[in-house]
Structure formats: C-alpha cells, structure tokens
Amino acid sequence: MGEYLWFHDVSWHSTYAIYFFVIGICAGLAFFSFLSWHKPELAELRKPAAWGAFVLLAIGGLLLIGDLSQPLRFLNVLNPVYLHFTSPLAWGSLNIVAFGVALVVYLFLLNKGDDKRGKALALVVALLALGLPIYTGYDLSVHQSRPMWNTPVMPVLFVALAMASGAAASALLARGNAQAQATLRQYLMWSVGAVGVVLIGILGTTNYGGSAEELTYIILTTGTMGLIFVGLGVVAGTVAPVALLLAPVGQRPATMALASLLVLVGSAALRYAILMAPQQMQSLY
C-alpha cells in the first residue's frame, strides 16, 4: 500500500480549517437573517445574525490575508487583470467581495429601517452566502490527487455544515425566545442529519477506494486524528446533538444550548480532520 504522489508537503495549513469554520457560520447566519423576513418568529434574530455574519466575514478575511506570504497581494482580488477565471479561487474571491458589499448595504438598510429594500436585498445576501460554502467545498473537490477531497459531494457537505453551524449559532443568539428556538431546532436537526448522511457516503467511498484512499481512511479514523474526526466530529458533533434534540428533554432551552455547542465543536473538528488527514497521508508517501 502507498502509491507514490508527486508532492509531500502540507500546503493547506490549519488556518484554512479555521477559515472554513468561520465562513460557514457566517453563511449560515446570513441565511437565517434572510429567513427572518419570512418567518415572524425569527424576526428578533434579523439584526444580530446579520451583524454576526459581518464580524465573522471580517475575521475570515483577515485569516486569508494573514496566510498570504505577501498580504498586500489580496488587493489583486479587486483587479480583474490578475484573476484566472478558470480557477475556483478566483470565483471564490469574487463571491467573498460581492457578499461583503451586499452585506454592508444590507446592514445599512436594516439600521435605516428600510424594510422594503432590506427584504429584497436579504435574498441577494442569502444567495451570495450560499456560494461561500459551495466554493470552499469546490476548492477541495478539484484536487484530483487528494484522497477524500476529490468527490462532487464535498460542496454539499460544506453547505450542510454551514446550515448546521448557522442554526447552532442562531439558537445561541435566540436564547429566551421559545418560538424561535422551536423553528431553529428543526433546522438544526435536519442539517446535522444531512451532514451525517454525506459523511457516510464519503467514508464509504474512501474506505473502499484505492490504496491511497484506504490509508487516508485509516489516518482519519485512528490515533489523534481519529479522536478529532470520530470522537468530536461524528459522535459529539453529529450523533449526540440529534440524540439530545430527539430526547424527551429536547425542547428545553438548556438542551438546545448544549446541542448547539456540540454542533459548533463538531463542525470545527470535521473541517479540520477533512482538511488535514489527506495531506497527512500524502506527506508520508
């Protein structure tokens, strides 16, 4: 076992795992701010979710800029001459900039009290927010030599993780609002369930793939990485929250808060393990 591959370094550092986590919550919060226009019980969440998305977008942008060897090169994102439109990174950069501009205008309209235009722009913000987890998942899936990454369902997994993380963060923001908690509980259960279904598919194809995939599966499910992926990501962050929410005490605020925290911890662990395990295998062979 152990096919030779032409690169042996870890080129995607753990900073990107933090970025994937932060930008996922950002996208989820933007979606639930949009949803608040159509579900009155979420109305109190509209501004806090939008501001939370803005803060997380700023943090994510700083993480990306800080990871550049020459940080000022981020200005090239604003210059079409430097963009290679065959690269998912180029489209992702444009998506981030467009989302940031739309989000700032949306916050301005919210603070101004312009509900008519704010509601219309909320849809634009939500659609651009959806592009964030899609492009981050696509960034991984186009790497043909990376076991586990090279699957078309990776963007689907990242969208499900974004919805789960956003629902968890929204539930923590909406503590004390029983009606909002009831709605968010449904979104949290279904999105976490979707994460579980996609993970089963990815793990199955990885375990029964070629030698590189099998080695990646071993690294992902054993040792320290196994504790992160299986222990925190799958058991604590996926199975346990659904079990808590389906339990007789699942509608209690304390249970909802605990399940939300577990989802956030689990989604961070899953992103880290999915990003690092395939690279760890290829640093050995």
Considering only protein heavy atoms and a probe of 1.4 Å, how much of the accessible area of the chain is carbon and sulfur, as a whole percent? 69 percent
Average accessible area per residue (Å²) across the chain - probe 1.4 Å, nucleic acids and ligands excluded: 47 Å²
Can you give the accessible area of Ser87, probe radius 1.4 Å, in Å² rounded to 10? 40 Å²
Taking 35 Å as R0, compute the FRET efficiency from the Cβ-Cβ separation of Val101 and Ala243 and round it to 0.05. 0.25
Estimated vicinal HN-Hα couplings, Hz - region 116-132 in sequence order (Karplus 6.51, -1.76, 1.60; Gly, Pro = x): 4, 6, x, 5, 5, 6, 4, 5, 4, 4, 5, 5, 5, 5, 4, x, 5
Using the Cα centre of the chain as the reference point, and only Cβ charges (+1 on K/R, -1 on D/E), how large is the resulting charge dipole? Debye, rounded to the nearest 20. 920 debye
Which distance in nm do the two modelled labels at Asn150 and Leu172 give, with both placed 7 Å along the Cα-to-Cβ direction? 3.7 nm
Where the eigenvalues come from the Cα gyration tensor of the chain, what are the semi-axes √(5λ) of the equivalent ellipsoid, largest first, in whole Å? 32, 26, 13
How do the peptides 180-192, 37-49 rank, highest first, by the average count of neighbouring beta carbon atoms within 10 Å per residue? 180-192, 37-49
From the backbone phi of region 205-217, what are the Karplus-calculated ³J(HN,Hα) couplings (6.51 cos²θ - 1.76 cosθ + 1.60, θ = phi - 60°) in whole Hz, Gly and Pro given as x? 5, 6, 5, 9, x, x, 4, 5, 5, 5, 5, 4, 4
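The values are calculated or read from the model by the stated rules, or taken from the named source; none is laboratory data. Computed from a predicted structure; not experimentally measured. Note: ideal-geometry Cβ built from the backbone for every residue, glycine included; neighbour counts use all protein chains shown. Ligands, DNA and RNA are excluded from the accessible area calculation, which covers all protein heavy atoms including side chains. Shrake-Rupley method; radii C 1.70, N 1.55, O 1.52, S 1.80 Å.
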